1. Checking B:D147 against (1) open to solvent by less than 30 Å² (accessible area, probe 1.4 Å); (2) under 23 Å from A:G379 (Cβ atoms); (3) part of a helix (DSSP H, G or I): exactly one of these is not met. Which one?
2. Output the residues belonging to the stretch B:171-183 that are out of contact with any helix residue (DSSP H, G or I) (no Cβ under 6 Å at 6 or more places or on another chain) and within 11 Å of chain A (Cβ to nearest Cβ).
3. Give just the number: which of (1) more than 8 Å from chain B (Cβ to nearest Cβ); (2) touching a strand residue (DSSP E or B) at 6+ places or on another chain (Cβ under 8 Å); (3) free of Cβ contacts under 8 Å to residues at least 60 places away in the same chain does A:L445 not satisfy?
4. Hey, can you tell me all the residues within the stretch B:152-161 that are within 13 Å of chain A (Cβ to nearest Cβ) and open to solvent by 60 Å² or more (accessible area, probe 1.4 Å)?
5. Give me the residue from the stretch A:203-215 that is without any contact (Cβ under 8 Å) to a residue 40 or more places away in the chain and outside any loop (DSSP other than H, G, I, E, B) and, out of that set, most open to solvent (accessible area, probe 1.4 Å).
6. Does A:Y28 satisfy the condition of being buried (at least 18 other Cβ atoms within 10 Å of the Cβ), among the hydroxyl-bearing types (S, T, Y) and more than 26 Å from A:H241 (Cα to Cα)?
7. Here is a check on your reading of the model: is B:Y113 within 19 Å of B:L79 (Cβ to Cβ) and crowded, with 20+ Cβ neighbours inside 10 Å?
8. Taking the criterion of being over 25 Å from A:A380 (Cβ atoms) and either of a type in the set (A, V, I, L, M) or open to solvent by less than 20 Å² (accessible area, probe 1.4 Å) (or both), would at least one residue in the stretch B:32-49 satisfy it?
Amino acid sequence: MTQQLDLSDIQGNVIKAYGRYNFQKARYLFLRIDDGEKGRKFIGAITTKVTSALPWGKPGDGSAPPIPQATTNVAFTFNGLQALEIPTASQRGFPEDFIMGMAKRKDILGDDGPSDPANWDKVWKEKVHVWISINGQSIDAVKKRYDWIQEQIEASNGGVVLLTGHRGEKGEDSLPYQDASVLYDATGMPVPKEHFGYTDGIGDPVFEGQTNVAARVLGRGKLMRDGTWLPLATGEFLLGHVDEAMEYPKTAPSPWLLAHNGTFMVYRKLHENVGTFNRFLDEQSQIFDGSKEMLAAKFAGRWRDNGAPVVHAPDDVGKAEWDRRYAAADDAGKKKMLTDFTYNEDIHGAKCPFSAHLRRINPRGSLEFGVSNAYDTPGALVNRRRILRRGLPYGEVKDPARDDGNHGIIFMALNADIQRQFEFVQQQWINYANDFKEGNDKEVLLGNHDANNPGKVVLAAEPGSGKPPHFVSNIPRLVETRGGDYFFIPSITALKLIAGGIVDPT
Amino acid sequence: MSNIAGKAYAMNVITPIRWYMTWINKLIFKTALSNPSTLKGLVTLSLIHYARWVIIPRDGFPRLDPSQPKEELNYSYMLFFSNFNGSWDQYVDSFTFAIPSGLDLFWKWNVRYPKSVPLTPFHNYIRHNQIDTAHYYNAYPMASSNDVKSAQKIKKALINFNTASADKPPEEFLNDYNKLLNDMQHHFGDMKPTPIVSLSADAVRKRYLQIPE
């Protein structure tokens, strides 16, 4: 490790995917600040409970604090930082995308039709200034922390308002919070799934300064010419650190202490049209040469049941074989099987289609199209486009034949540069495909498919086999944006500076 | 004025180069052209529609009319002209990290060229020497060069298929047709309008075409 991070300064949600530590429940709050001074005092109070990225000890070993019952993290929109009265010179240092906010970036993101901000939850018509997240080991732990935050809001004496307007489980449209939860199987065990049935959250990027990098970097860092993997540069995900371009991220505001160890977060509430998805998959699998599960896997790049990468389990027979090896592997071996792969042996996409979600969001070395040593490094077009993904599913599927329930994903992407990383992937790789030489073919699951002019994708066959590729046509809009914004997650030092009203870029 | 038309971004960059060093660049260009593998990075970058480098000698700038006074230039100039996908801001990273040594080689003898990594000085150098596009005509605004290349391949393959297979019995015809689909499977991308890569360029376009907000 060449880089030691100050984990006590970095907010915990940046480094840790809480779901991996058995935090099964989450609640997201959005607030408005009506008075700068009272608002700063409120942030000061919340900061006392903000969870850092320090590692947790095992219960009873005394070496480090044990896992808490609930965590709390805080982030701000640009308007929120203005409401907290940080100096104009500091405001000016923030990037254009963050200043504008997500709704105004709808044309970049393809948030049109049912995803248009006009159709978002009502809360997004309010002035959203502050995001507070609570992750809990139980719903009771979440509620307890929520009650404590409400006390702080009360104590702000009108300085801070908790915004209402979230859609909920029983058709409500004015809830004061967004709840999220892992999904459970029939026996009540938590499962790492989302509402379409896919296994989620497997291959988050690994960067310098994280712990235990060597064991996790395979398939998750940056691919080197010799086939090895190295962690990505810290500055791709944390401001104030050197990035892959060998410089400090340009998106950082001044002073240094305001930016250092902070990052940007994209928060999106993504509704999943479960009924449409199930119908579409059923219809399409009737004309597909393979099982329904195989087709579902071709959409995502992973099999739904256990996340097996399609590139190593390309069809039903290959999947059975992969499952046998997976069952025989130890824990480390299982992890390796899930993440350690490239598309080198599948450069034509006959196994994992170019349009598969996984290949689109992280093409690994495949944008060299098999031309040996085409670029300086195999990940040349990829290493600057990675995002950390956080979040949980929300809601419940009560009727798998319907779209109109309350079910989807709270998706959070963390990156140092929203425009270069998240927005680029969303626009150029999910909603467009020139980089993949697939014209305007959008990714099946997340693409903003147009009902009036629906798109298609081509699932390639083995080249030279004489077999036709499979055309997946008339793809409906499977996922719709229901709200969201761009946030700045400051370091804990920066939180204290903001709360103290002592940010000074001079 | 916009550097964007349809799916293409036009880039004109003109950079001074010491006149007595231009022979090196000409040699480099010649070597690159006669040895295509040196350009494989550039060619593999599917975002690039077109790229050309030209040396303009210091006494080689055209005059509109003999009465236009001749300029005394201290430097020769290198003109870089390219059309590519997206925008410069979006794709500068892809250029820089895919072919840094190629970029450095082509610009090495240019005055004050900073090298391609770190990125910001390179980005600023190009932007500083870029001549924005005052007039930009794009005959096929929905096409990128990949779309054009694919369309050409499909057209040729279809004509050949028609010649060879049109009169075959149904079973053989189907075999040939499936083979055609297999051969062409990477050329079936939809051709639809470009994603909006720049909100300001889009606003300019909408005002020009008088599309209501």
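The values are calculated or read from the model by the stated rules, or taken from the named source; none is laboratory data. Predicted, not measured: the structure shown is a model, and the values here were computed from it. Heads up, the Cβs are rebuilt from the backbone with ideal geometry, glycines too, and the neighbour counts pull from every protein chain shown. Just the protein is used for accessible areas: all its heavy atoms, side chains included, with ligands, DNA and RNA removed. Shrake-Rupley method; radii C 1.70, N 1.55, O 1.52, S 1.80 Å.
1. So the condition that B:D147 fails would be (2).
2. Filtering the stretch B:171-183 down to residues out of contact with any helix residue (DSSP H, G or I) (no Cβ under 6 Å at 6 or more places or on another chain) leaves B:171-172, B:174-175, B:177-179, B:181-183.
Passing the criteria: B:L174, B:N175, B:Y177, B:N178, B:K179, B:L181, B:N182, B:D183.
3. Condition not satisfied by A:L445: (3).
4. B:K153, the sole residue that qualifies.
5. Among those residues, the one meeting the criterion is A:A214.
6. On the way: buried (at least 18 other Cβ atoms within 10 Å of the Cβ): yes; among the hydroxyl-bearing types (S, T, Y): yes; more than 26 Å from A:H241 (Cα to Cα): yes.
Spelling it out, A:Y28 is indeed buried (at least 18 other Cβ atoms within 10 Å of the Cβ), among the hydroxyl-bearing types (S, T, Y) and more than 26 Å from A:H241 (Cα to Cα).
7. Against the criterion (within 19 Å of B:L79 (Cβ to Cβ) and crowded, with 20+ Cβ neighbours inside 10 Å), B:Y113 qualifies.
8. No, the stretch B:32-49 contains no residue that is over 25 Å from A:A380 (Cβ atoms) and either of a type in the set (A, V, I, L, M) or open to solvent by less than 20 Å² (accessible area, probe 1.4 Å) (or both).
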